[in-house]
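Shown next, in structure tokens, is the structure this report addresses.
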Amino acid sequence: MKTAKFWHKTDDGKVQCDLCPHGCVIAAGRTGICKVRGIEENELKALGYGLISSAHMDPIEKKPLYHFYPGKEIFSIGGWGCNLGCVFCQNWTISQQFISESTRRAPEAIVEETAKAGSIGIAYTYNEPLIGFEFVQDCARLAKAEGLVNVLVTNGYTRPEPAAELFPLIDAMNVDIKSMDDAFYRKQCKGSLDPVLASCKQAIAAGVHVEITNLVIPTLNDELRLLETLATWIADNLGKHTPLHLSAYYPQYKLKIPATTTGTLEKAYEICRKQLYYVYIGNAWTSAGQDTRCPDCNDTLISRRGYTTKICGMRNGSCAKCSRKIEGIFAERP
Ligand code: SF4
């Protein structure tokens, strides 16, 4: 079993994990909140190392990333567990349990499969990848050496030290900012807001391409004031060019309230568009918020219908009509 990184012994001889803000102190034979880091032989072990819950080729738009190799497919892998406990989790069957009998794969095998599939790289997704730090780091190092990209789809709930070690290997991230209200994080997710915001800033400083997702949940985080605060924070801290995905919620896991209406999503879109160049609506059929438009001349640059993506108005990473440079990575291959 792989010894984990980022832990220490407390003065009274207990083991404390330092990977994420929870800082779990874990007793022998037990695991931390994430369920995949636990004590064996008086050490913290990465119990989930290489255990794969699902592996598929997915459109990059499904991560969602709209300004990073649009129209390409990416080999996407997930493990088990999560360090948050969101009552509305859309992937709870893998995030809220740990099935230790699942297939264990070596990083070399993952990278070989990625290259064979003709993928641009690997997306670490489906459950929270940062709790599988050691496996992601090992895969990412090998992938980078092969000229493949690494993508994290994450809740951003980590500490600065592990992030500093991992982010230089990461090309793009989609970070879920679930609300700008810390009380929402505490009550609905069993976490807190500030570490997530800090991770986003740290990723930008490390040169990672960052896009943000917000799952808009009726009555819990859909106040227009909160969405406006989110757009302002992104504009001021990550840049007005940072893509924001407003995603429709559907009843899942412990939350049974009805799905987000298209009307709410369209109102949220209008508010956020006042401050950000690229705002998108996900998980719902709307006329606004699907295509990428030039912030200067409003021409359609990339059209999207579901996961069918067509680059129709760009030349060499710029608007074909007015030549404005469009933020993102639009090359054919890494
Ligand atoms: S990564 Fe897991 S074990 Fe470590 S502090 Fe976070 S929840 Fe606890």
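List of remarks:
- The set of residues in region 284-316 that are open to solvent by less than 50 Å² (accessible area, probe 1.4 Å) and assigned to a loop (DSSP other than H, G, I, E, B) comprises Ala284, Thr286, Ala288, Gly289, Gln290, Asp291, Cys294, Pro295, Cys297, Gly306, Gly313.
- For region 3-28, the set of residues classified as under 25 Å from Ile99 (Cβ atoms), more than 7 Å from the ligand (Cβ to nearest atom) and part of a loop (DSSP other than H, G, I, E, B) consists of Ala4, Lys5, Phe6, Ala27, Ala28, listed by residue number.
- Selection of region 112-128 for residues being open to solvent by 10 Å² or more (accessible area, probe 1.4 Å) and in a helix (DSSP H, G or I) yields Glu112, Glu113, Ala115, Lys116.
- Scanning region 29-50 for residues that are within 15 Å of the ligand (Cβ to nearest atom) and either open to solvent by less than 30 Å² (accessible area, probe 1.4 Å) or touching an Asp or Glu at 6+ places or on another chain (Cβ under 7 Å) (or both) yields Gly32, Cys34, Val36, Arg37, Gly38, Ile39, Leu44, Lys45, Ala46, Leu47, Gly48, Tyr49.
The values are calculated or read from the model by the stated rules, or taken from the named source; none is laboratory data. Computed from a prediction, not measured in an experiment: that's the story for all the values here. For neighbour counting, all protein chains shown are included, and Cβ atoms are generated from backbone atoms with ideal geometry for every residue, glycine included. In case anyone asks, the SASA skips ligands and DNA or RNA and just uses the protein heavy atoms, side chains included. Shrake-Rupley method; radii C 1.70, N 1.55, O 1.52, S 1.80 Å.
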